[in-house]
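The values are calculated or read from the model by the stated rules, or taken from the named source; none is laboratory data. Small disclaimer: the values here were computed from a predicted structure and weren't measured. Here the Cβ positions follow ideal geometry from the backbone for every residue, glycine too, while neighbour counts run over all protein chains shown. Note: accessible area is taken over every heavy atom of the protein model, side chains too, but ligands, DNA and RNA are not part of it. Shrake-Rupley method; radii C 1.70, N 1.55, O 1.52, S 1.80 Å.
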Amino acid sequence: KFGDGSLRTAADQNILLPNVSGEARDRLGRDLSALGLAFEADALTRSTVVCTGKQFCSLAVTETKGHAFQLLEELRRRRVESYGIRIAMSGCPNACAQHHTADIGLRGVKGRKGLRIVDGFDVYLGGGVSEALELGILYKKGVPSGQIAELMERIIREFHTHRESPESFSAFWRG
């Protein structure tokens, strides 16, 4: 219906529809929107990768998709801008979302909140893939999923407030 019928997948888990004409672009956007899919995703969505999580993976320790949607909505509500800071959320140590090489990596873990067992995340900062591979450094262990947005807001705002231009997010947190 749109383009030449081909699809391409990207390393960051996106799907590309090549060769869509300018006239068909608006129709494609409306059709994707009707399916609940983003056509022109905001910067926060574009820079976030999430594995399938417990819902579809028997290895996952935590649910991820729902937590990621809640996290992004909460960061938008708090008016936190990522400006290209890469966020990756994996539901287990297998790292399908490559949390260990993201600027902010979230690895699913189980934790306790009172007497209850809850989904949580170990938070890694400073990962990257450029001239050299840099693995993120463990910043905080076992953060309950409901507290991730507040922690990430503090981390991102601290970077924007204290960094030395043109220092990258990962260099700031590794330094």
**Prompt:** With respect to GLY175, is the statement that it is open to solvent by 20 Å² or more (accessible area, probe 1.4 Å), farther than 29 Å from ALA60 by Cβ and more than 15 Å from the chain's Cα centre (by Cα) true?
**Reply:** yes
Restricting segment 147-169 to residues that are among the small types (Gly, Ala, Ser) and at pLDDT below 95, the one farthest from VAL109 (Cα to Cα) turns out to be SER165
Expected output for segment 8-31 (first residue closer than 18 Å to GLN98 by Cα, partner surrounded by 10 or more Cβ atoms within 10 Å (Cβ to Cβ), Cβ below 7 Å, 6+ apart or cross-chain) is ALA10/LEU16; ASP12/VAL49; GLN13/VAL49
TYR124 - would you say it is part of a loop (DSSP other than H, G, I, E, B) and among the hydroxyl-bearing types (Ser, Thr, Tyr)?
no
Being touching a Ser or Thr at 6+ places or on another chain (Cβ under 8 Å) and crowded, with 20+ Cβ neighbours inside 10 Å narrows ASP103, ASP122 down to just ASP103
TYR139 meets each of (1) at pLDDT below 95; (2) out of contact with any helix residue (DSSP H, G or I) (no Cβ under 6 Å at 6 or more places or on another chain); (3) among the hydroxyl-bearing types (Ser, Thr, Tyr) with one exception, condition (1)
Within segment 126-172, restricting to residues that are of a type outside the set (A, V, I, L, M) and touching a His at 6+ places or on another chain (Cβ under 7 Å), the one that is least open to solvent (accessible area, probe 1.4 Å) is GLY127
Note on segment 39-83: residues open to solvent by 30 Å² or more (accessible area, probe 1.4 Å), closer than 15 Å to ILE156 by Cα and assigned to a loop (DSSP other than H, G, I, E, B) are ARG78, ARG79, GLU81, TYR83
Only one of (1) hydrophobic (A, V, I, L, M, F, W, C); (2) open to solvent by 50 Å² or more (accessible area, probe 1.4 Å); (3) in a strand (DSSP E or B) does not apply to VAL109, and that is (2)
Scanning segment 7-35 for residues that are surrounded by 10 or more Cβ atoms within 10 Å (Cβ to Cβ), of a type in the set (A, V, I, L, M, F, W, C) and closer than 21 Å to VAL49 by Cα gives LEU16, LEU17, LEU32
